[in-house]
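The values are calculated or read from the model by the stated rules, or taken from the named source; none is laboratory data. Given the structure is predicted, the values throughout are model-derived calculations rather than measurements. Here Cβ is always computed from backbone atoms with ideal geometry, including for glycine, and neighbour counts include all displayed protein chains. The area values use the complete protein model at the heavy-atom level, side chains included, leaving out ligands, DNA and RNA. Shrake-Rupley method; radii C 1.70, N 1.55, O 1.52, S 1.80 Å.
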Amino acid sequence: MGIVNTEIKPFKATAFKAGEFVEITEADVKGKWAVFFFYPADFTFVCPTELGDVADKYEELQKLGVEVFSVSTDTHFTHKAWHDTSETIGKIQYYMVGDQTGTITNNFGVMREGMGLADRATFLIDPQGVIQAVEITAEGIGRDADDLLRKVKAAQYVASHPGEVCPAKWKEGEATLAPSLDLVGKI
């Protein structure tokens, strides 16, 4: 899946956010860090647990300059209905994007063939609109917003510290690595 380090493709969609329907395009993504959080469908089982988990971390993500766009092939009307009827979904303050045409889902390569549903997938995008990280899980495996937050911090660190990389399980404030010939075979 050669999508990391590629720029997001053009799109236009309607989202539900802060009690309103808003039009968004790829231009709304550029200039800030963004997370595209794809999920199969509204009114399901694993999806609300994931969306609620991200909602609990949204304020922290915002402090890091990150905007969140949850995306399913449901309509923006369905997102509003779910937001209005579910306590878990009702706490969401980020964009809930309706992708009923499948344009965005197909642009990111996560449309389930013949089903019209998105895979459970997360994309981290830098301010230039370039995809920096991807996570895709099987239907029954929910994602963890704490790990997403860790990946955001690592990506932002690497972007602001050329020549350094973050090792496995890196957490903010821990040591990084500066790849060089001297490190080969010593880690």
Starting from segment 135-187, pick out the trypsin sites (Lys or Arg not before Pro) whose DSSP state is loop and whose Cβ has at most 13 other Cβ atoms within 10 Å.
Lys169, Lys171, Lys186
Here, Ala81 and Glu60, labelled 7 Å along Cα→Cβ, have an inter-label distance in nm of 3.4 nm
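Compute the orientation-averaged projected area for segment 6-143 from the convex hull of its Cα atoms and round it to one decimal in nm².
Averaged projected hull area, Cα only: 7.3 nm².
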For the chain, with every protein chain kept in place, what is the accessible area per residue (1.4 Å probe, Å²)?
51 Å²
At a threshold of 8 angstrom on Cα-Cα distance, excluding pairs fewer than six apart, so keeping six or more, what relative contact order does segment 6-143 reach in percent?
33 percent
Set the Förster radius R0 to 45 Å, insert the Cβ-Cβ distance between Glu23 and Glu174 as r into 1/(1 + (r/R0)^6), and round the FRET efficiency to 0.05.
0.65
Can you tell me the length gained on complete extension of the stretch Ala159 to Val134, counting 0.36 nm per residue apart and subtracting the Cα distance?
7.4 nm
The rounded separation in angstrom of the Cα centers of segment 97-134 and segment 19-51 is 10 Å
Carbon plus sulfur, as percent of the 1.4 Å-probe accessible area of segment 58-187, comes to 53 percent
